[in-house]
Amino acid sequence: MTDPLLALRPWQSPEVTSWGRLPMNAVDRRTGAVSLDGDWRFQLLPAPEVPPRDTWSTSAVPGVWTMRDTDDLPAYLNVRMPFAQFPPHTPAANPTGVHEREFDVPAAWAGRRIVLQVGAAESVLLVHVDGHPVGISKDSHLAAEFDLSHLVRPGTPSTLRLTVVKWSDASHIEDQDQWWHGGITRSVLLYATDPLHLADMGVRAGRDGRLRVDCQIRDARGALPAGWYVTGDLDGRPLAQDKEFDRVNAEDERVSDFLGEARIETVVPEVRTWNAETPELYTLTVRLHRADGTVADTARQRVGFRDVEVVGRDLLVNGERVYVRGVNRHDFHPLTGRTVSADDMRADLVLLKRFGFNAIRTAHYPNDPALYDLADELGLYVVDEADIESHDHAHEIADDPRYLGAFVDRVARMVLRDKNHPSVIIWSLGNESDYGANHDAAAGWVRRHDPSRPLQYEGAAKRGWADPDVASDIACPMYASLEECLAHALSGSQTKPLIQCEYSHAMGNSNGTLADHWAAIEATPGLQGGFIWEFWDHGILQRVSDGRPAGPAGTGLHADGVTAPGYRWAYGGDFGEADHDGAFIADGVVFPDRTPKPVLFEHREIAAPLRIECFRHEGIVLGNHQHFRGLEWLAARWELALADGRTLTGEAQLPALRPGETAAVPLPFELPDDGGEAWLTLRVTTAEDQPWAPRGTEVCTPRVRLRAAGEPAAPVAGGDPVRLDDDGLLVHPLLTAAPVLSLWRAPTDNDELGGMAARWRSWGLDAPVRRLLSVERDGERVTVVAEYTAKAEVVRHRQVFTPVAGGLRIDESAELPARFDDVARVGSVFETVAGLDLLEWFGQGPWESYPDRAAGAAVGHHALPVDALFTPYLRPQESGGRHGVRAFTLSAPDATGLRVELDAPRQVSVTRFRAADLTAVTHHDELVPRAGCVVHLDAAHRGLGTASCGPDTFASYLVPTGVHRWSWTLRAL
């Protein structure tokens with residue numbers, strides 16, 4: 001007998017979005033439900049038409065089979081589909097996972113309505129109970145519910161089969177930039193209600209304290225019984241059904257035999273409003289009563305009183321124009337793929353809060369319901385995005401009527417599920433799907449159902465950022481240059497808030513000019529922020545021995561973004577995919593194990609709630625840069641870094657400042673009169689426990705220079721004679737490789753994808769040939785002139801070695817020809833003997849920093865082991881640099897070593913790897929650290945930019961042509 005679900009061939013029928021599936025609603029049924037998570041019988045079929053075998057293996061639910069012991073492994077493509085068929089068709093080879101288990105219905109559920117909820121399945125779900133067809137669902141990132149009341153009986157075991165078809169017509173509109181997986185990715189559960197039940201509940205709570213709760217009532221037996229009613233309470237305050245609403249409904253003949261409507265309305269006096277800084281929540285309980293007063297059903301919802309509106313070109317929360325400091329976030333885990341626990345989600349959001357983010361975009365689909373609960377609790381604004389991305393076939397699908405139902409269905413179900421969350425401030429129609437009639441249809445549904453929130457869609461930008469007639473209330477481009485954004489804001493034609501849905505692409509060593517962008521945003525009306533792409537590096541933990549995912553029981557997780565021996569972070573192509581997009585999957589602000597990348601410290605300072613505005617009149621001016629909160633939740637210590645090596649500290653008293661206020665504060669110390677450079681840093685921490693941080697957690701480190709460096713003292717003559725080898729290279733007992741000119745860096749992902757690395761290679765900068773021109777001695781001073789030939793061009797390099805007391809002064813210059821108008825760096829590189837394992841420096845730190853990503857690194861005295869200086873980006877590349885270094889020492893445990901003093905703040909890096917070492921490999925497990933240190937001293941270093949996907953760095957951060965000069969002194973400790 002043909003299975004009616006298979007007969008529909010729903011994997012190739014875009015008009016079929018579901019069959020037998022219950023309507024989506026906002027009533028949370030997780031409390032009291034029976035979990036069906038755990039080990040299920042499992043088999044993977046080659047296609048949905050193939051009947052299951054008699055042999056089964058075991059697989060955990062939730063979970064994706066692509067991370068288990070199957071031959072269908074993860075695959076990564078950004079834009080292109082992984083099969084050649086055009087929409088809505090699918091390949092004949094179509095992995096299909098069959099999941100099966102028995103379950104018992106609790107005896108206490110006799111006579112009740114019994115519902116199965118499957119949290120999410122990729123991409124088509126077919127449900128059978130005891131061989132009977134139950135239903136079909138599509139949309140890989142929203143739950144599907146099915147009424148099983150007519151199929152199961154308490155006390156009698158039943159067999160549940162969930163069949164998941166990987167490729168379908170829906171895959172063409174789930175073409176997001178992430179790994180392709182297959183499986184059941186969220187929890188499966190059973191819950192029961194009385195036949196008379198709350199079918200849905202909509203909550204609207206404004207900053208004026210007005211609360212409205214709209215309830216929909218149904219009875220699974222048919223017509224509604226007479227006399228039912230609803231009551232409730234808000235934090236214990238009784239609430240009653242609105243009789244005036246009932247009267248108006250009756251007069252308008254809006255009374256139904258099968259759908260009941262009721263409303264609760266009240267005004268909360270002195271309401272505590274919800275926002276991302278102070279996420280105040282109330283507990284709402286709604287009860288559905290039978291005519292005799294007994295309770296048939298109960299629903300609970302945390303409520304936040306807040307308003308969201310667009311006024312002119314401003315997005316307002318509770319009447320305040322807020323900056324949107326956002327990040328895009330995928331559901332991801334390096335061991336389980338798309339399955340993420342509530343604890344994982346909490347850890348994600350806690351980390352974002354600690355680094356100054358106040359918003360997330362659920363790129364590019366609705367997330368697990370637990371994430372919205374957490375965002376409500378912790379305080380994060382959410383752009384909730386529908387599961388629609390047709391990137392490879394965007395233009396064709398946007399107006400394809402066969403997909404009209406899918407567009408409206410996915411957007412509507414998202415809104416129906418998440419409408420009661422105060423954290424959700426904007427609805428998004430999806431991502432990178434062109435713009436067509438299907439979007440307008442979905443937007444029309446949202447505007448009718450929920451006029452309380454604005455709507456956005458990036459694809460509408462093709463009609464212009466200011467077009468008032470498109471389905472987007474926000475101008476939300478992606479990767480627009482700062483010049484474009486400023487021009488729009490200053491044009492006089494802007495009509496909407498400009499908040500980039502994606503910007504500052506975080507691939508590898510990236511996010512240059514982030515501070516410049518935010519300086520412009522805060523100074524320009526009409527610019528309001530954006531969402532960094534993205535949160536995660538989607539590296540999957542892979543066993544090097546067999547090239548397979550480590551799986552949920554992987555033991556190769558290490559610390560600080562590094563894997564244990566025998567494991568590595570896999571990216572596109574590492575699982576045998578012939579067609580893939582490589583490391584483009586590794587573009588987050590955290591490593592796959594959630595270790596922060598250096599950019600997070602940059603963002604933390606850019607988003608600092610407390611800032612030092614300036615230094616003047618023997619004091620500093622402090623500013624509160626929050627929207628809703630005072631400074632009472634913060635504490636601070638001051639730290640004074642002096643050029644002579646001293647660091648003085650003490651307690652700082654913060655003034656009482658309301659949002660937006662500033663105040664002058666006298667210095668809490670007398671500045672030592674030693675004439676050297678002096679920097680003040682405030683170490684700002686939480687003064688008390690926060691939901692996202694314990695007391696004492698560092699929040700930001702605002703800093704200001706109190707005194708500039710004076711003129712350096714003239715070096716005292718003396719020291720040992722300069723020793724050179726036959727090639728005019730310095731011979732020094734602490735160096736294994738003499739200082740030579742460096743013009744090359746191991747290309748960053750931005751360098752490679754932005755085309756700079758190819759240009760540098762074409763110029764020959766990766767392997768210039770050095771030729772000694774002359775060696776001249778003038779007393780103890782020695783001048784060496786060499787030329788570096790790079791293809792047809794020559795760079796002349798001059799070194800002047802002068803013995804000084806305790807060491808050697810080296811004055812250098814290099815002349816870049818006009819053709820070399822954009823090189824990676826100009827400076828010196830040398831290598832040290834082994835055993836020098838500790839770096840101590842005066843300059844910016846302790847985090848990695850570069851010329852266009854240095855706001856997060858305070859000037860002070862820092863120390864780190866050399867092995868901790870290098871940043872293990874998933875594809876090895878230039879990393880470990882420290883910007884603005886004035887002096888440093890490299891020492892052994894016995895305090896021997898070397899000291900370098902620089903003529904000006906310079907870019908310095910100290911690692912175990914040459915640039916050629918990093919360039920030659922694709923993964924960190926292939927790297928072999930050198931025993932000594934590779935030291936770069938750069939007169940000029942190119943900015944990082946974000947050219948892997950977006951704008952390059954600014955012209956001011958490029959290395960200019962012409963003569964570059966720098967000098968440094970090398971001394972033995």
**Study point:** Selection from the range 118-130 of residues that are of a type outside the set (A, V, I, L, M) and within 17 Å of R410 (Cα to Cα)
**Key:** G119, E122, S123
Review point. Which residues, taken from the range 608-624, are surrounded by fewer than 19 Cβ atoms within 10 Å (Cβ to Cβ) and outside any strand (DSSP E or B)?
Key: H617, E618
Revision key, fill the gap. Those residues of the range 627-665 which are part of a strand (DSSP E or B), of a type in the set (D, E) and within 20 Å of E613 (Cβ to Cβ) amount to E639
Revision key, fill the gap. Among S423, S504, S510, the single one that is of a type in the set (G, A, S), at pLDDT 95 or above and in contact with a His (Cβ under 9 Å, 6 or more places away or on another chain) is S504
**Study point:** Hey, D344 in a helix (DSSP H, G or I) and without any contact (Cβ under 8 Å) to a residue 24 or more places away in the chain or not
**Key:** yes
Exercise for review: Can you confirm whether the range 156-168 contains a residue that is without any contact (Cβ under 8 Å) to a residue 24 or more places away in the chain, surrounded by fewer than 24 Cβ atoms within 10 Å (Cβ to Cβ) and assigned by TED's automatic domain parsing to the domain that holds R68?
Suggested key: no
**Study point:** Tally, over the range 115-133, of residues that are surrounded by fewer than 24 Cβ atoms within 10 Å (Cβ to Cβ) and more than 26 Å from E389 (Cα to Cα)
**Key:** 7
Review point. Hey, any hits in the range 313-325 for a residue that's modelled with pLDDT of 95 or more, surrounded by 22 or more Cβ atoms within 10 Å (Cβ to Cβ), under 30 Å from W179 (Cβ atoms) and touching a Ser or Thr at 6+ places or on another chain (Cβ under 7 Å)?
Key: no
Study note, to complete from the structure: Subset of the range 774-784, residues farther than 30 Å from L918 by Cβ and either modelled with pLDDT of 95 or more or not in a loop (DSSP other than H, G, I, E, B) (or both), comes to S774, V775, E776, R777, D778, R781, V782, T783
Exercise for review: Exactly one condition in (1) out of contact with any Asp or Glu (no Cβ under 8 Å at 6 or more places or on another chain); (2) within 26 Å of I585 (Cβ to Cβ) is not met by L514; state its number.
Suggested key: (1)
Exercise for review: Determine, yes or no, whether A641 is of a type in the set (G, A, S), surrounded by 14 or more Cβ atoms within 10 Å (Cβ to Cβ) and in contact with a strand residue (DSSP E or B) (Cβ under 7 Å, 6 or more places away or on another chain).
Suggested key: yes
Review point. Is it the case that some residue within the range 325-337 is over 30 Å from L541 (Cβ atoms), of a type in the set (V, I, T), assigned to a strand (DSSP E or B) and within 24 Å of the chain's Cα centre (by Cα)?
Key: no
Exercise for review: Restrict the check to the range 207-219 and report whether at least one residue is in contact with a strand residue (DSSP E or B) (Cβ under 8 Å, 6 or more places away or on another chain), modelled with pLDDT under 95, outside any strand (DSSP E or B) and not hydrophobic (A, V, I, L, M, F, W, C).
Suggested key: no
Check your understanding: Can you find even one residue in the range 796-818 that is farther than 24 Å from F954 by Cβ, in contact with a helix residue (DSSP H, G or I) (Cβ under 7 Å, 6 or more places away or on another chain) and part of a loop (DSSP other than H, G, I, E, B)?
Key -> no
Study note, to complete from the structure: Within the range 478-501, restricting to residues that are in a loop (DSSP other than H, G, I, E, B) and in contact with a His (Cβ under 9 Å, 6 or more places away or on another chain), the one that is nearest to F357 (Cα to Cα) is Y479
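The values are calculated or read from the model by the stated rules, or taken from the named source; none is laboratory data. All values reported here derive from a predicted model rather than from experimental measurement. Every residue, glycine as well, gets a Cβ built from its backbone with ideal geometry; the counts of neighbours run over all protein chains shown.
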